[in-house]
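What follows is a single structure, written as structure tokens, with notes after it.
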Amino acid sequence: MRPFEGGELVAVWRRGRGIPGKRSHAYWRKPAIIMGRVHGNYWLAMAGAVIKAAPEQIRFLTAEERRAQRLVEDELRTTKLDLENIDKQKNFIAITADKMPPMEPA
């Protein structure tokens with residue numbers, strides 16, 4: 001396996017943070033960004049925190065995870081632009097008088 005490069009998105013193996021007294025499960029948390037490597041460990045940025053992790057605690061994102069991440073980023077970028085331009089919107093679109101969707105079978 002090739003080494004991780006700075007700026008790459010990865011998943012990190014984290015212990016769970018469960019309810020005190022109950023068992024919590026470890027899981028792959030994502031995405032984190034590789035900041036660099038020092039003395040064999042990697043420094044990561046994830047959700048506003050800086051994390052030091054061993055190489056064994058990191059894996060590359062799968063193709064599906066990368067696609068999902070791109071979709072989320074695209075949606076957030078679009079929403080940000082919409083919010084920045086909200087003061088330019090003069091009207092709203094009322095759809096309450098539109099035909100309602102068919103009832104789902106019970």
Are there trypsin sites (Lys or Arg not before Pro) in the stretch 1-73 that DSSP marks as loop and that have at most 16 other Cβ atoms within 10 Å, and which are they? Arg15, Arg17, Lys22, Arg23
In the chain, with Lys and Arg counted as +1 and Asp and Glu as -1 at Cβ, which of these residues, Thr96, Leu81, His39, has the Cα nearest the positive end of the dipole, that is, farthest along it? His39
Counting only residues 5 or more places away or on other chains, whose amide H sits under 5 Å from the amide H of Glu8 once H atoms are built in the peptide plane? Ile34
Taking only the alpha-carbon atoms of the chain, the convex hull volume per residue, in cubic angstrom, is 249
Excluding residues fewer than 8 positions from Lys80 in its own chain, the lysines with Cα under 28 Å of it are Lys30, Lys88, Lys90
Kirkwood Rh over Cα pairs of the stretch 9-61 into Stokes-Einstein at 4 °C, 1.567 mPa s: D in µm²/s? 111
The long-range amide H neighbours of Leu61, using H built 1.01 Å from N in the peptide plane and a cut-off of under 5 Å, are Ala11
Run the dipole for the chain about the Cα centre, Lys and Arg Cβ at +1, Asp and Glu Cβ at -1, nothing else charged, and hand back the magnitude in debye, nearest 20. 620
Relative contact order of the stretch 1-104, pairs being alpha-carbon contacts under 8 Å that are 6 or more residues apart, as %: 19
What value, in deg cm²/dmol to 500, does the helix sum -39500 (n - 2.57) over DSSP H runs of n ≥ 4 give at 222 nm once divided by the residues of the chain? -7000 deg cm²/dmol
Expressed as a whole number of Å, what is the distance separating the alpha-carbon centroids of the stretch 88-106 and the stretch 1-79? 39
Cα-based helix-to-principal-axis angle, 63-84 vs the chain, degrees rounded to 10: 50
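Just so you know, all these numbers are worked out from the coordinates, no wet-lab data involved. Predicted, not measured: the structure shown is a model, and the values here were computed from it. Because the Cβ atoms are built from the backbone with ideal geometry, glycine has one as well, and the counts that use them run over all protein chains shown.
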